[in-house]
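FYI, it's all coordinate maths here, none of it is from the lab. Remember, it's a predicted structure, so these values are computed and weren't measured experimentally. All Cβ positions, even for glycine, are placed from backbone atoms using ideal geometry, and neighbour counts span all protein chains on display.
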Amino acid sequence: MDVTLHLAQDPEADELLGRSPLAALVGMLLDQQVPMEWAFKGPSTIARRMGAEDLDAHDIVAYDPEGFAALLSEKPAVHRYPGSMAGRVQQLCRYLVDTYDGDAEGVWRGVESGAELLRRLQELPGFGKQKAQIFLALLGKQLGVRPEGWREAAGAYGEPDSFRSVADITGPESLTKVRAHKQEMKAAAKAKKASGE
């Protein structure tokens with residue numbers, strides 16, 4: 001895995017995301033209740049604060065939980081909820097260590113179908129169906145991981161030329177389009193709730 005991603009809109013953070021499967025997974029995990037760029041800059045910030053050039057699942061699991069939470073809480077915090085997200089990052093890494101010997105790329109290496117890949121992603125702590133489908137779409141659209149049926153397994157996020165999620169962000173222009181789509185979805189959901197449907 002060595003591509004240029006543009007999810008953090010920060011060259012150093014994006015470079016790490018493009019070469020590190022674990023950084024990409026952690027960024028996706030952090031992508032909730034904060035702006036996308038903030039979430040995807042998180043792995044680079046964590047690595048730097050750990051004095052490393054990349055994230056290592058074994059090192060993260062071995063870190064004292066309180067110390068790891070403090071690391072994510074340093075200003076600027078890695079997330080709006082740094083303490084709880086520190087626990088989630090360690091939980092994800094514990095699962096990767098136990099299931100894939102800490103090799104995040106093992107989640108998708110050698111997978112033969114999109115359905116199998118979606119199942120593996122949904123087994124990751126903190127990855128519900130939607131997050132798993134978005135990450136699957138990111139793998140297929142930008143990271144060259146395209147098992148048979150990957151677009152179908154990713155649902156609407158797998159559609160070509162769509163601007164629904166981080167899977168479609170390749171620069172500032174596409175980021176603006178994805179933001180606009182998300183705002184439309186929020187407005188539609190709010191209107192539906194207001195009408196009592």
Open item on the list: Sorting check: for 105-112, 164-171, 184-191, 118-125, which peptide has the highest mean count of neighbouring beta carbons within 10 Å, and how do the rest follow?
Closed with: 164-171, 118-125, 105-112, 184-191
Open item on the list: Could you tell me how far the Cα centroid of region 1-75 sits from the Cα centroid of region 87-115, in Å?
Closed with: 16 Å
TODO: Please report, in cubic angstrom per residue, the volume enclosed by the convex hull of the alpha-carbon atoms of region 1-122.
DONE: 103 Å³
- [ ] Excluding Pro82 itself, calculate the net charge of residues whose Cβ lies under 11 Å from the Cβ of Pro82, where each Lys or Arg counts +1 and each Asp or Glu counts -1.
- [x] +2
Task: Rounded to whole Hz, the Karplus (6.51, -1.76, 1.60) HN-Hα couplings of region 80-87, x for glycine and proline - done: 4, 10, x, x, 5, 6, 4, x
- [ ] Compute the relative contact order of the chain as a whole-number percentage, counting only Cα pairs closer than 8 Å that sit 6 or more residues apart in sequence.
- [x] 16 percent
Task: region 1-157 - charge dipole about Cα centre, Lys and Arg +1 at Cβ, Asp and Glu -1, debye rounded to 20 - done: 580 debye
Task: Computed magnitude of the charge dipole of region 108-197 (debye, nearest 20; Cβ of K, R +1, Cβ of D, E -1) - done: 420 debye
Open item on the list: List the residues, sorted by chain then number, that are 5 or more residues from Glu148 or on another chain and whose placed amide H is less than 5 Å from its amide H.
Closed with: Gly114
Open item on the list: Step by step: find N for region 84-197, compute 2.2 N^0.38 Å, then divide the Cα radius of gyration by it. What's the final number?
Closed with: 1.20
Task: Protection proxy ranking of 15-23, 44-52 - average other beta-carbon atoms within 10 Å, highest first - done: 15-23, 44-52
Task: Those residues of region 18-59 whose amide nitrogen sits under 19 Å from the label point placed on Asp103, 7 Å along Cα→Cβ - done: 19-26, 54-59
Open item on the list: Nearest 500 deg cm²/dmol is fine: what mean residue ellipticity at 222 nm does the chain get from its DSSP H runs of n ≥ 4 alone, each adding -39,500 (n - 2.57), divided by its residue count?
Closed with: -18500 deg cm²/dmol
Task: For a label point 7 Å along the Cα-to-beta-carbon line of Ala180, residues of region 34-56 with backbone N under 20 Å - done: 36-37
Task: Gln122-Gln32 FRET efficiency (beta carbon distance; Förster radius 22 Å; 0.05 resolution) - done: 0.90
